[in-house]
Amino acid sequence: MRAQERLTDALYGLGWSTVKRLPEPVAVRLGHTIADLAWKQRGKGVRRLESNYARVVPDASPERLAELSRAGMRSYLRYWMESFRLPAWSTERVKGGFDPKDVHYLTEGLAAGKGVVLALPHLANWDLAGAWVTTELGIPFTTVAERLKPETLYDRFVAYREGLGMEVLPHSGGSAFGTLARRLRDGGLVCLVADRDLSASGVEVGFFGATARMPAGPALLAQQTGALLLPVTLWYDDSPVMRGRVHPPIEVPETGTRAERTSVMTQALADAFATGIADHPEDWHMLQRLWLDDLDPAKSPSSEKGDS
């Protein structure tokens, strides 16, 4: 294991072992402090976040983009502080920590025995939403996690999410799709963060006026298993409670090839994600390149090359 990987693993371990013991107001203040320090340093992650916000809010002045990126870093650190503390939250705190609208789409879909795919962008705290589903609704679900380096860090994330009641499959390895399909055919729930393609073989979509690539998995799973595909968006307000919305189902087109149906459904997902991101851009934690013309190194500013 390289020294940088050992340091990364140690820092995450420190977060989960130490931050969860802090009183909540102290954790909130610590998150703000770390976020503001990172924002002032204007590293490549902060610059990328601001560049992505410029796509979402194209008429924003430089001052407005700076405000957004500062608020975005505070939102991002709120996600981490909550995530470090989630394993120590009481059942009541988890149940009271999330207030979603239109959950009936989820519960009715599961009651029909069809299976449900929930697809989310990187908005607010998707781990908290998952913990609420397993705790408040009592519904277990299966998700997929990116293989992180070092392996010990990936193991930490898997253990953390399994401790919240999730079944976690590795993104790589090729067997995840088949397992997800089996869970859905059994009438189960699958939750996927789906606004950034990790395979470089996803579906091209129009997204805030330019072309991005998003995973095909949610649409393919819905087509192959008959499961309901539901977009979900999340956001924070000034309270300790996260808000959210389950959007209406995305229907499988009646005509077209599988690729054509997948393209239509993934575009509908992107459109639903865009509504939530446009309403709450500061809660979209996208510190990586997303749009195709940003992914092309020839079209990217040299100062930002190397981010991922």
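The values are calculated or read from the model by the stated rules, or taken from the named source; none is laboratory data. All of these numbers come straight from a predicted model, not from anything done at the bench. Reconstructed Cβ throughout: ideal geometry from the backbone, glycine too, with neighbour counts over all protein chains shown. Ligands, DNA and RNA are stripped out before the accessible areas are found, and what is left, the full protein with its side chains, is counted by its heavy atoms. Shrake-Rupley method; radii C 1.70, N 1.55, O 1.52, S 1.80 Å.
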Among G206, W132, I277, which residue has its Cα furthest toward the positive end of the charge dipole of the chain, with +1 on Lys/Arg Cβ and -1 on Asp/Glu Cβ? W132
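Excluding T179 itself, what net charge comes from residues whose Cβ is under 14 Å from its Cβ, given Lys and Arg +1 and Asp and Glu -1?
+1
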I'd like to verify something in the chain: which complete DSSP H helices, judged by Cα projection on the helix axis, reach 30 Å or more and average at least -0.5 on the Kyte-Doolittle scale? 258-279
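Taking all protein chains as present, what is the carbon and sulfur share of the accessible area of the chain, in % to the nearest whole number, probe 1.4 Å?
Percent of accessible area from carbon and sulfur atoms in the chain: 53.
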Identify the residues of the range 105-134 with backbone N under 14 Å of a label point that sits 7 angstrom from the Cα of A88 along the Cα-to-Cβ direction, or state none. none
Just need the relative contact order of the chain here, percent rounded to a whole number, with Cα pairs under 8 Å and 6+ apart. 23
Between D155 and A259, what is the label-point separation in nm under the 7 Å Cα-to-beta-carbon projection? 4.2
With charges set only on the Cβ (+1 for Lys and Arg, -1 for Asp and Glu), what does the dipole of the chain come to about its Cα centre, in debye to the nearest 20? 800
Rounded to the nearest 10 Å², what accessible area does T91 have for a 1.4 Å probe in the complete protein model? 70
Site D99, offset 7 angstrom along Cα→Cβ, radius 14 Å on amide nitrogen, limited to the range 206-242, gives 235-242
How much length would be gained if the chain were fully extended between R29 and R64, taking 0.36 nm per residue of separation minus their Cα-Cα distance, in nm to one decimal? 10.3 nm
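Rounded to the nearest 500, what is the chain's calculated 222 nm mean residue ellipticity when only DSSP H runs of at least 4 contribute -39500 (n - 2.57) each, over all residues?
Working: 12 runs with 153 residues, N = 308.
The helix contribution divided over the chain gives -15500 deg cm²/dmol.
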Full-stretch length increase - E162, S201 - with 0.36 nm per residue and alpha-carbon distance subtracted: 11.2 nm
Per residue solvent-accessible surface (Å²) - the chain, probe of 1.4 Å: 46
